[in-house]
Structure formats: structure tokens, C-alpha cells
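Written out below as C-alpha cells is the structure these notes cover.
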Amino acid sequence: MSVLRLFAGRAASAPVARERLQILLAHERSLRGQPDLLMQLREEILAVVSRHVVLDPDKVIVRMDRGKHVSTLEVDIELPNGADRAFASAG
Amino acid sequence: MAKVLVVTSGKGGVGKTTTTAAMGAALAQAGEKVVVVDFDVGLRNLDLVLGAERRVVFDLINVVHGVAKLPQALIRDKRLENLWLLPASQTKDKDALTEDGVGRVITELRKTFDWVVCDSPAGIERGAMLAMRYADEAIIVTNPEVSSVRDSDRIIGMLDSKTVRAENGERVEKHILITRYDPGRAARGEMLSIDDVLEILATPLLGIVPESQDVLRASNVGCPVTLNSPASAPARAYHDAMRRLLGEEVEMQIPSERKGLMNLLLGRRAA
């Protein structure tokens with residue numbers, strides 16, 4: 001087979017495929033079965049904030065970045081126009 | 001005792017419908033009473049591969065919704081008296097199937113048949129979940145290719161958590177069926193080997209179906225490959241897989257096709 005490979009002039013790619021899969025699946029399996037943390041977080045933030053302000057559920061973005069040293073949780077909530085009045089009446 | 005077998009895979013185009021038809025026919029040829037059920041609502045194809053597309057009057061959704069009785073929707077194969085088809089509907093409404101409805105149909109099918117073979121739609125959504133929901137055994141159809149192996153791993157996870165058996169603390173018996181295997185390319189290191197796939201997925205092997213023109217020819221004419229060209233390499237592979245499914249010990253081999261001289265000279269790249 002190595003003679004054939006010489007003719008083809010390229011290295012076997014299957015070992016690369018195997019290695020990539022092993023790494024990927026080890027990672028994916030560890031995440032499986034856990035509740036989706038971000039979705040849960042988003043739902044709960046939405047529930048709390050919308051107790052006080054009328055919110056568009058699509059305008060709530062929760063994003064997590066995992067860095068080497070620092071991980072950040074970014075919560076971006078866009079308030080609709082007239083939120084002040086909603087505040088006043090709620091308060 | 002009736003067994004519910006789901007033929008599944010994460011990725012599309014790996015050969016689920018071909019496998020359902022071939023295994024269904026092989027089981028029926030072995031004397032088992034078999035019904036193959038198409039769960040691919042919206043994109044039904046099992047009827048076409050079995051050559052029954054013009055005989056569909058009622059379908060799975062009609063039965064689930066009580067529009068038709070089960071016997072009205074079952075189509076008996078013209079070639080094998082032990083083989084029946086319950087076709088899928090082409091409705092666009094993906095939510096037309098309910099878990100309860102599917103459960104009732106499966107329960108009723110169990111009374112009449114030895115094997116209820118469910119052809120799953122691709123993906124990990126509701127349709128695929130319903131197809132595997134009541135399964136006792138599963139065939140995970142996998143190509144020796146990274147995306148197919150990854151998606152199979154995901155499906156194995158679902159079989160272990162989202163089925164009725166899993167929820168009752170029992171196991172769904174799982175089997176890997178490797179299709180579109182090209183021994184030449186695997187030997188040259190261009191394709192994941194059988195051992196690679198099995199090691200990664202850690203699930204027992206049911207069979208190896210080689211890449212072959214006979215598979216396409218069989219679906220072109222609407223006949224399961226095990227019936228259309230029984231001597232062909234894929235048909236032999238499916239027959240062996242069927243015998244293993246029935247509990248026989250069959251030595252695992254990669255059925256190869258006789259290659260012409262030109263193919264040999266071309267290093268079998270022609271496929």
C-alpha cells in the first residue's frame with residue numbers, strides 16, 4: 001500500500017480524521033446531558049426583568065465567553081421605548 | 001415476541017431507507033412477519049424504494065389521527081408475503097405525529113408482527129425522536145466519514161436517554177451498521193477503518209455494507225437490494241446482518257465485489 005501512496009503523493013488522512021473525532025467527541029460527551037445553562041440563565045433573567053419592564057424576549061442576549069484566565073458573562077437587554085413609563089407604573 | 005427496531009443515524013444520506021428496505025426484506029425472507037414503518041413525515045421515500053409508491057392510499061398520520069384504520073393503511077409487498085409497509089405522509093405539518101398516537105400504532109403493530117422496523121428521518125429533532133421512542137433495538141447507520149461518525153455518537157446518546165426503555169432503566173440494544181465502505185480506500189488510509197469507527201463509537205458492529213452500484217440500481221427499480229440482486233456484495237452483507245440480528249453467530253467479513261482488470265489498474269478510483 002505504501003507504494004500506492006508514493007504514487008498518490010499524499011499522506012493518509014484517516015489517522016487525522018480519527019484523532020479529530022476522538023478529541024471532539026470527548027468534549028461533546030462531557031457537555032451532553034447537562035441542562036443548557038445559558039438558555040436557562042436567559043429564561044430566568046427574562047422572567048425577573050419582565051416583572052418590572054415590558055420586554056421583547058428576542059432582545060435579551062446572554063453570551064458567555066470562556067477565556068484562558070478570565071471568563072465573561074455578557075447580558076444585553078434592550079429596553080423598548082416607553083420603558084420609563086412602564087417603570088413608573090410598575091413602581 | 002414482537003420487536004421494535006429503529007434504523008437511525010444523525011446525518012442524512014447515509015443509507016437509512018435502503019437499510020430499512022433491505023433488512024425488512026431479509027427478515028421477511030427468513031420467515032419473520034415484518035412491517036416497515038416510514039417516520040419521515042414530509043419527505044416520505046420508503047414507499048418509493050420498495051416500489052409501492054402508487055399503492056399508497058392512507059398513511060401513518062391518517063392512522064394516528066383516526067382517519068383510517070391500521071389495516072387500511074398497511075400495504076402488503078407484492079413479492080414477499082411476510083412484508084408490509086406503513087407509509088409516511090407528505091404533509092408539511094411536522095407536528096402531525098404525536099407521541100401518544102405513535103405509541104398506540106406501535107402497540108397495535110406489535111400484536112400482529114414479529115418485527116416493526118422504523119425508518120427514522122435524519123437529524124435529532126422531533127421526528128427522529130418519535131421514530132426511536134418505542135424501540136427495543138436500534139441500527140445506527142454510519143458511513144466511515146467524520147461528520148457521520150460524530151452525528152452517530154449524538155444519536156447513541158439520545159438512544160440512551162430519550163427512549164421509553166431508557167426512561168424505564170432498561171437498555172435499547174444498539175448495533176452499528178457501516179455502509180458505503182470502500183475497503184481499497186480504507187487500506188490506503190483515505191477512509192476511517194472499521195476499527196476506528198467502532199473504537200470511537202464503542203458500540204458493537206452488526207455488519208459492513210460495501211459501496212456498490214447494486215444499491216442504486218435496486219432503489220431505481222423499487223426493489224430491496226436483498227431481493228433485487230441477492231448474490232451482490234451489499235445483499236450478502238445485509239443478509240449476514242439480518243442473521244446476526246436474529247442471534248446467529250456469523251463471521252464478520254467485508255463482502256467485496258469482483259473487480260474488472262481496468263478497475264484494478266486504476267486502483268479502484270473509478271467509484
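The values are calculated or read from the model by the stated rules, or taken from the named source; none is laboratory data. What you are looking at is a predicted structure, and each value in this text was computed from that prediction instead of being measured. Cβ atoms come from the backbone with ideal geometry, glycine included; neighbour counts cover every protein chain shown.
For the reader, a short list of remarks on this structure follows.
- Checked against the criterion of being surrounded by fewer than 17 Cβ atoms within 10 Å (Cβ to Cβ), more than 11 Å from chain A (Cβ to nearest Cβ) and in contact (Cβ under 8 Å) with a residue 24 or more places away in the chain, region B:186-202 contains not a single residue that satisfies it.
- Screening A:Leu55 with (1) over 21 Å from the mean Cα position of the chain (by Cα); (2) at the interface with chain B (Cβ under 8 Å from one of its Cβ atoms) gives one miss only, at (2).
- Screening B:Ala186 with (1) of a type in the set (A, V, I, L, M); (2) modelled with pLDDT of 95 or more; (3) over 15 Å from the mean Cα position of the chain (by Cα) gives one miss only, at (2).
- Any hit, region B:156-169, residues being modelled with pLDDT of 95 or more, under 16 Å from the mean Cα position of the chain (by Cα) and assigned to a helix (DSSP H, G or I): yes
- Region A:14-37, residues that are exposed (fewer than 12 other Cβ atoms within 10 Å of the Cβ) and either in contact (Cβ under 8 Å) with a residue 12 or more places away in the chain or among the hydrophobic types (A, V, I, L, M, F, W, C) (or both): A:Ile23, A:Ala26, A:Leu31, A:Leu37
Listed here are the residues, each with its yes/no results for (1) out of contact with any strand residue (DSSP E or B) (no Cβ under 6 Å at 6 or more places or on another chain); (2) assigned to a loop (DSSP other than H, G, I, E, B); (3) at pLDDT below 80; (4) over 30 Å from B:Glu145 (Cβ atoms).
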position	(1), (2), (3), (4)
A:Arg5	yes, no, yes, no
A:Glu19	yes, no, no, no
A:His27	yes, no, no, no
A:Met39	yes, no, yes, yes
A:His52	yes, yes, no, yes
A:Lys68	yes, yes, yes, yes
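- One residue stands out in region B:148-166 among those that are away from chain A (no Cβ under 14 Å) and of a type outside the set (A, V, I, L, M): the one that is surrounded by the fewest Cβ atoms within 10 Å (Cβ to Cβ), namely B:Arg165.
- When B:Leu198 is tested against (1) closer than 20 Å to B:Thr18 by Cβ; (2) touching a strand residue (DSSP E or B) at 6+ places or on another chain (Cβ under 6 Å); (3) among the hydrophobic types (A, V, I, L, M, F, W, C), exactly one condition is not met: (1).
- Any hit, region B:59-66, residues being surrounded by fewer than 24 Cβ atoms within 10 Å (Cβ to Cβ), out of contact with any Pro (no Cβ under 9 Å at 6 or more places or on another chain) and within 29 Å of B:Val149 (Cβ to Cβ): no
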